[in-house]
Structure formats: C-alpha cells, structure tokens
1. Leaving ligands, DNA and RNA out of it, report the carbon-plus-sulfur percent of the accessible area of the chain at a 1.4 Å probe.
2. Which order do peptides 227-233, 27-33 fall in by mean Cβ count within 10 Å, highest first?
3. Residues in the range 153-173, backbone N under 18 Å from the label point at ALA121 (7 Å along the Cα-to-beta-carbon vector): list them, ranges by number please.
4. Hey, how many Å between the Cα centroid of the range 203-246 and the Cα centroid of the range 102-152?
5. Can you tell me, using C-alpha contacts under 8 Å and at least 6 residues apart, the relative contact order of the chain as a whole percent?
6. Which value, in Å² rounded to 10, gives the accessible area of SER206 with a 1.4 Å probe and all protein chains present?
7. Run the simple label-point estimate for ARG106 and ASN75 please: 7 Å along Cα→C-beta, distance reported in nm.
8. Just checking my list (i) 27; (ii) 42; (iii) 17 against percent of Cα pairs over 35 Å apart computed from this structure; which label fits?
Amino acid sequence: MKTFSVWYRFNGRRRRYTIPGRFPAVDLAEARETARHVLARVRSGDDPQGAKVGARQALTFEDLAHRFVQGREPNLASSTATEYRRMIACYVHGSPLAGTRAPDIRRAEVKHFLEGVARRAPVMGNRVYQLVRAVCRWSVREELLPSNPCEALLRPRRERSRDRVLKDEEIAALWKAVDGEPPEVPAESRPVAAVVKTLLLLGQRSSETIEMRRSDLDLAARVWTIPGQFRKGGRTHVIPLSSSALTMIGNLSAKVDRVFEGVSALNAERDWWARVREKTISLGAQHFTKHDLRRTCATGCARLGASDFIVSKILGHATQPGVQVTQVYNRYSHLNEMASALNAWAAHVQTITACENRTADILPLRRA
C-alpha cells in the first residue's frame, strides 16, 4: 500500500514531507488537502519538517553508529552485533569523528579517522572501514545523512593472510604470563587466565569462547555446543572438551551461567588482552593476536597427526561440497577424532609448560 509525500524547497534545500497514513486509509482527496496545508506553511516561512530536521542534525556519528546496530540487530548474528559494538566502543568512541554532527561529516574527516585506526591495527582498520561504510549507507537510506561521505572511499590497507603461529617457547611464556597471579588468589577470580588458555587449547573464536555458557556445556559427555546465534555464519558447532579445558572450567565459579563472568569481548584490547600480550612479550614472545592462538591450536593438531578434515571440523569451518547435508543432520559426527586431536594438543601444551616450570625451579650450583 502506497504512502503520500509532498516535496518542497526550504532555504534552498529540497525536502520531503511524508503524509501520515497509507492508502486506502488516507484517500487521494485527503492527501491533497494535507499537501495544500503543508505548502501553505512553507509559503508563510514555516518548515513542516523543521523539528525532524533539527533532531537529525543534532545526531553525532557515534549516535548514528549505535542507531545502525540497533536498527539492524534483528537481521544480524549475535556475534556480529557484539563485534560492531566492540568496534564502536574501542575505536569510534572518544575519536574526533564520534562527536561530529551528521550534516558536518566529510569524506576527509572519515579518511583521517580510518587512517589513524589502520596505523595502529592495519586489519582492524579495514574492519572499522566496513562498519563506517555500512553506517553511512544505512543513514542515507534512513534520511539521517544528506549524502554518503564514504562514497568512493577505499579501505585503508591491503590485507595479507596471517600465518603467525606461536612457537613452543612462546606458548610456555604465555602460560607463565597468565599464571602470574599470586597463588593465594582463588581460581574463580582468574577468568582471564582461563579464557586465554581455553582459546589456545580449543581453537575457537575469541567472541564465542568469551560468551561460553554453562547451559551449553555437557560435562558428562565432555562437549560444548556453541549456539548459532553466537557464531559467525550462524551455524551451531559442537566441540569436544579436552581434559585440560574441562579441569579449568570446573575450577571456575558456577554461580552464574557465563563461564568467564567478568571478561568482556567489547573492550578486550583495553581491559585485559593488551596486558596479557605485553606481559607475554616481556617474557620473550613476539607480537601476536587472539586469532593467532586459534591458528596455533589448528597447526598444533595437524602437526600431531590430525587430518585437514578433522582440523577443519575443530575450527567449525563449512565442510566441503557433498557432505553439507550430513553436517546439518549430524552435529556429533567425527567427535571422537576431534577429541583425540584436541587431547593430543592439550597434552603437548602441558608438556611444554611443565618443562618450563621445572626449568624455572632449577637453581645454579656454586663452585666449592
């Protein structure tokens, strides 16, 4: 059913007034009468859209970004909406672009903002560029922006696939870094250490791991079912829990459903991840990201004999053509092989970290 609109010019700008109601609830005669009143107000110097225009002009870019996520959330995967909010909190909030009013947003300002993000984090600069571009396109469609300042704007950096895998000595350094709390601190007060270790041992995405819920765990069957709403692509994924991961989860407080209560994905870089990484680097590691832990787990499983197919199953990647139907109807396929691979990897990590701890306990002997 169609709606009626009146186009008019006010202060040199072409604007549209949408007549409330739809045909046939509002017929043509009624629409024409409303249009005559609207044009009469324009001739008398009154802008019929003045209040709405003023409200739109008061919006900042950060307001537009939040409205975009809220408006698009019903059609987004939960993990995507969470990632958008994280980028807004970590990169948009507090930037000069965040407080710029909608009518004043210019391409040069957007480009300068994205370049600043890309200098610190090249890949994330491209992700923020995708978010900013989506926000601007949506805002134009919703008539919150007069034009798209991202038009013809290229992403700030070329991307190369990362192949960073932590060496055994770097894994030992990471373990030592997250185990650095005083021994009198109870395990349930150290969820950050458990998150980092779980990322390395199970190889799942950080956003999915951080949101782990006890209601998704079957400790008797030793499996974790990640609901599609928390996953990229929206597909449910079942992952076996290695003995080491099972022990860590069991040591954390069970008072709330979220296993890693107190650890947030929104401000991870600022709140806890940067601290873990810098402490690990101070112990001899090179720069690494949370996603590098996922790659390290996958590479470790393959190095210990897991096939490419099983590694792909562990990572939760879409399977090859011809087996997709089986995957949809059999979520528990190949769990035994996946469990064997993850247990072998966990045992390898335990050996590395145990050797490191024994080395640290050796005291040099003095000559008599």
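1. Values: 10500 of 20520 Å².
Taking all protein chains in place, the chain shows 51 percent carbon and sulfur surface.
2. For the peptides 227-233, 27-33, the packing ranking is 227-233, 27-33.
3. Correct set: 155-164.
4. If we compute the Cα centre of each part, the gap is 34 Å.
5. Working: 426 pairs, mean separation 57.5, N = 368.
Averaging sequence separation for qualifying contacts and normalising by length gives 16 percent for the chain.
6. 30 Å²
7. Distance between the two pseudo-spin positions: 3.2 nm.
8. For percent of Cα pairs over 35 Å apart, the calculated option is (ii).
The values are calculated or read from the model by the stated rules, or taken from the named source; none is laboratory data. For clarity, every value in this text was computed on a predicted model and none was experimentally measured. With ideal geometry, Cβ positions are generated from the backbone for all residues, glycine too; neighbour counts draw on all protein chains shown. Just so you know, the surface numbers come from the protein's heavy atoms only, side chains and all, with ligands and any DNA or RNA stripped out. Shrake-Rupley method; radii C 1.70, N 1.55, O 1.52, S 1.80 Å.
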